[in-house]
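Worksheet for the structure shown next.
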DNA sequence: TTAGTTGCAAATCGTTTGCATCAAG
DNA sequence: CTTGATGCAAACGATTTGCAACTAA
């Protein structure tokens with residue numbers, strides 16, 4: 001059976017077999033527009049009546065991360081990993097400590113700093129991870145009502 | 001039995017019982033001078049012939065994190081959590097992707113940026129997490145010898 | 001005395017693996 | 001056909017929990 005999905009070309013380019021599952025997984029991640037967990041992907045596919053095993057989701061993600069098609073990350077207060085399409089554009093996430101929603105923000109304030117650090121420490125800096133925590137507009141409001149400070 | 005350890009006062013201040021175990025755990029974290037895992041703490045205590053159960057280490061850490069005496073964090077490529085004494089001074093870690101050693105660096109380049117972001121997004125920014133990845137001096141050398149780029 | 005702390009064993013959660021089957025190339 | 005991809009069940013490592021025994025206050 002010959003399948004063609006929106007990620008067929010990407011998979012081919014990476015030397016990976018173009019399977020229905022890999023396409024659906026990538027489309028699901030893409031479609032959600034924010035970092036998602038393996039389980040979220042799994043449940044999303046299930047809700048679309050796409051039958052797949054959770055371990056296959058993990059396996060697909062593994063190889064896609066290795067090929068740098070997908071980026072894996074973790075956030076504080078969550079024991080599970082998050083996955084997103086590697087857009088190769090440098091951005092960070094704003095994470096709401098209230099509702100745990102993730103809001104991507106463009107740009108990065110660290111380029112200068114990394115050079116500085118490299119000179120100061122002799123470390124060969126290759127990258128970084130930055131997340132900003134706080135309360136989104138809605139949760140900020142809620143906090144106002146329930147807080148007694 | 002009345003125990004007095006170096007953290008007796010801290011525990012009392014937080015309304016926690018001053019136990020031998022909590023003192024030893026805090027001393028072990030302090031002594032190691034870098035973020036450590038629950039298991040590392042457990043093994044370290046064991047090597048000093050202090051008999052404690054791993055689950056008690058976790059329980060003590062939980063409450064100490066809640067009381068903000070200890071800070072919990074995770075790093076990429078490790079499934080376990082790291083704990084360190086909350087010095088309440090703002091610093092970040094430089095993590096070697098080669099040997100996985102963690103090097104604390106003082107200071108933080110993000111104060112300005114957070115204000116900016118707060119204005120731009122309406123988010124109530126409360127903090128952030130930043131780690132910088134790269135290769136330490138030793139691993140940089142090794143990379144030179146083994147790499148074929 | 002009594003509420004908080006511990007040890008122990010079992011449970012849980014996210015993730016990984018071995019193996020037989022299946023499908024893409 | 002051949003190798004890589006999948007499903008399934010079982011294993012795994014880190015962490016959490018229920019419960020009975022213990023101990024700091």
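Under the condition of being under 16 Å from the mean Cα position of the chain (by Cα) and more than 8 Å from every other protein chain (Cβ to nearest Cβ), the residues counted in region B:90-129 number 10. In the condition set (1) within 12 Å of DNA strand C (Cβ to nearest atom); (2) in a helix (DSSP H, G or I), residue B:44 is compliant with all but (1). When A:24, A:51, A:32 are screened for being farther than 19 Å from residue A:69 by Cα and without any contact (Cβ under 8 Å) to a residue 60 or more places away in the chain, only A:51 passes.
Matching residues to (1) out of contact with any strand residue (DSSP E or B) (no Cβ under 7 Å at 6 or more places or on another chain); (2) away from DNA strand C (no atom under 13 Å from the Cβ); (3) part of a helix (DSSP H, G or I); (4) closer than 25 Å to residue A:112 by Cβ:
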| position | (1), (2), (3), (4) |
| --- | --- |
| B:55 | yes, no, yes, no |
| B:60 | yes, no, yes, no |
| B:68 | yes, yes, no, no |
| B:93 | no, yes, no, yes |
| B:112 | yes, yes, yes, yes |
| B:119 | yes, yes, yes, yes |
| B:125 | no, yes, no, yes |
| B:128 | no, yes, no, yes |
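When residue A:64 is tested against (1) touching a residue at least 40 places away in the same chain (Cβ under 8 Å); (2) away from DNA strand D (no atom under 11 Å from the Cβ), exactly one condition is not met: (2). Within region B:68-89, track down each residue that is buried (at least 16 other Cβ atoms within 10 Å of the Cβ), farther than 24 Å from residue A:72 by Cα and more than 8 Å from the chain's Cα centre (by Cα). Passing the criteria: only B:69. Quick one: is residue B:26 in a helix (DSSP H, G or I), more than 14 Å from chain A (Cβ to nearest Cβ), within 10 Å of DNA strand D (Cβ to nearest atom) and in contact with a strand residue (DSSP E or B) (Cβ under 8 Å, 6 or more places away or on another chain)? So residue B:26 does not fit the description; no. The set of residues from region B:15-36 being crowded, with 16+ Cβ neighbours inside 10 Å and either within 22 Å of residue B:100 (Cβ to Cβ) or away from DNA strand C (no atom under 12 Å from the Cβ) (or both) comprises B:27, B:28, B:29, B:35, B:36. Here is a check on your reading of the model: is residue B:12 surrounded by fewer than 18 Cβ atoms within 10 Å (Cβ to Cβ), within 12 Å of DNA strand C (Cβ to nearest atom) and assigned to a helix (DSSP H, G or I)? Spelling it out, residue B:12 is indeed surrounded by fewer than 18 Cβ atoms within 10 Å (Cβ to Cβ), within 12 Å of DNA strand C (Cβ to nearest atom) and assigned to a helix (DSSP H, G or I). Residues of region A:70-91 that are within 16 Å of DNA strand C (Cβ to nearest atom) and not in a loop (DSSP other than H, G, I, E, B): A:70, A:71, A:72, A:73, A:82, A:83, A:84.
Readers should treat all values here as calculations from the given coordinates under stated rules, not as data from a laboratory. Values in this document were obtained by computation on a predicted structure and should not be read as measured data. Every residue, glycine as well, gets a Cβ built from its backbone with ideal geometry; the counts of neighbours run over all protein chains shown.
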